[in-house]
Amino acid sequence: MSEHDQTRTVLVGYDGSPAGELALRWAVEEARLRGLPLTVCHAWHWPYPFRPPEEDTLNTLRSIGEAVAEEGVRKARSLAEGLDVRRHLKQGWAPSVLLEASRDASVIVLGARGHGGFDDVTVGSTAVQVPSRADRPVIVIRSGLPPALRHGMRIVVGIDGSSASEAALGFAFEEAELRDAWVEAVCSWWDPAALPGPDRVPFIEPESLRHEASARFERAVAPWRSEHPNIPVKTKFVIETPRHALVQAAEDAALLVVGNRGIGSTPKMLLGPVTQAALHEAPCPVAVVPAQQSGHSSDT
């Protein structure tokens, strides 16, 4: 457990939805492995632009929220006997309440979508807004995906040379250390010279550029190999678009780890395009890590 974990918790957003139930299970295991308390967070609110005519209406909504939060606490305690489980219930919109509560969290876990919405929507607004604004890792769990991470499983991490991807690499090794898993680091190099037509860029020495990109990738991974010598590591350098490379690599993986914004993204973006694609398309849970989590300097 790192120094910043000593006074922190694992925070899970819980609303009783199928994805929320899976998030709770993951968060319980995360807290147990990290030796941290678990905070079950639920937000309740009046969903209309005007106040209800009677205070009794708000009291009813508050009571329902309390029941949901208590149910989450009860289920968490039943999953891990002796785990320190706490409740955080507050009036407000879920993203705001979660972000405020995350000040004391090492990791945030939440379902990809809650109750309501359209059945064909895989990721709700909370699962986009929280990782886009959080200053710590957020693990997003979709319903219908494989169960909680098992020991010996594979953790895939995307690397593109950005500070956020460096942070993602560190978090992937941290999770692998906790869970006796192994890490597959994936770097995608997309050669625009391979494009047909007017979008083609005439690189003079594409092989040289490809070789340098691969070497920089290996140099980025090297410090983490040294720091975690007991973690098996595989590096995979592919000629493919990052979106397709990561989604394909995550097949049968236990967790995909990505930075919140990669190369080419701007702070004005909620999330980088590759990260958004991972949340919607990855066949496994996705951890989104901000740049502030980086623990190594890199020459990439």
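Worth pointing out:
- Scanning region 10-19 finds one or more residues that are under 24 Å from the mean Cα position of the chain (by Cα), more than 16 Å from Ala105 (Cβ to Cβ) and not in a loop (DSSP other than H, G, I, E, B).
- Any hit, region 179-194, residues being surrounded by 15 or more Cβ atoms within 10 Å (Cβ to Cβ), polar (S, T, N, Q), modelled with pLDDT of 70 or more and over 30 Å from Leu33 (Cα atoms): yes
- When restricted to residues that are hydroxyl-bearing (Ser, Thr, Tyr) and crowded, with 16+ Cβ neighbours inside 10 Å, region 224-277 contains 3.
- Pairs with Cβ under 7 Å, 6+ apart, first in region 51-62 and free of Cβ contacts under 8 Å to residues at least 60 places away in the same chain, second outside any helix (DSSP H, G or I): Pro52/Trp46; Leu58/Trp46; Leu58/Pro52; Leu61/Trp44; Leu61/Trp46; Arg62/Trp44
This table checks each residue for (1) of a type in the set (A, V, I, L, M, F, W, C); (2) modelled with pLDDT of 85 or more; (3) within 22 Å of Ser132 (Cα to Cα).
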{"position": "Pro202", "(1), (2), (3)": "no, no, no"}
{"position": "Lys234", "(1), (2), (3)": "no, yes, no"}
{"position": "Met269", "(1), (2), (3)": "yes, no, yes"}
{"position": "Val274", "(1), (2), (3)": "yes, yes, yes"}
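- Filtered residue count, region 49-92, keeping only those that are assigned to a loop (DSSP other than H, G, I, E, B) and farther than 16 Å from Asp15 by Cα: 11
The values are calculated or read from the model by the stated rules, or taken from the named source; none is laboratory data. The structure presented is a predicted model; accordingly, all values stated were derived computationally and were not measured. When we count neighbours, we look across all protein chains shown, and the Cβ atoms used for this are built from the backbone with ideal geometry, even at glycine.
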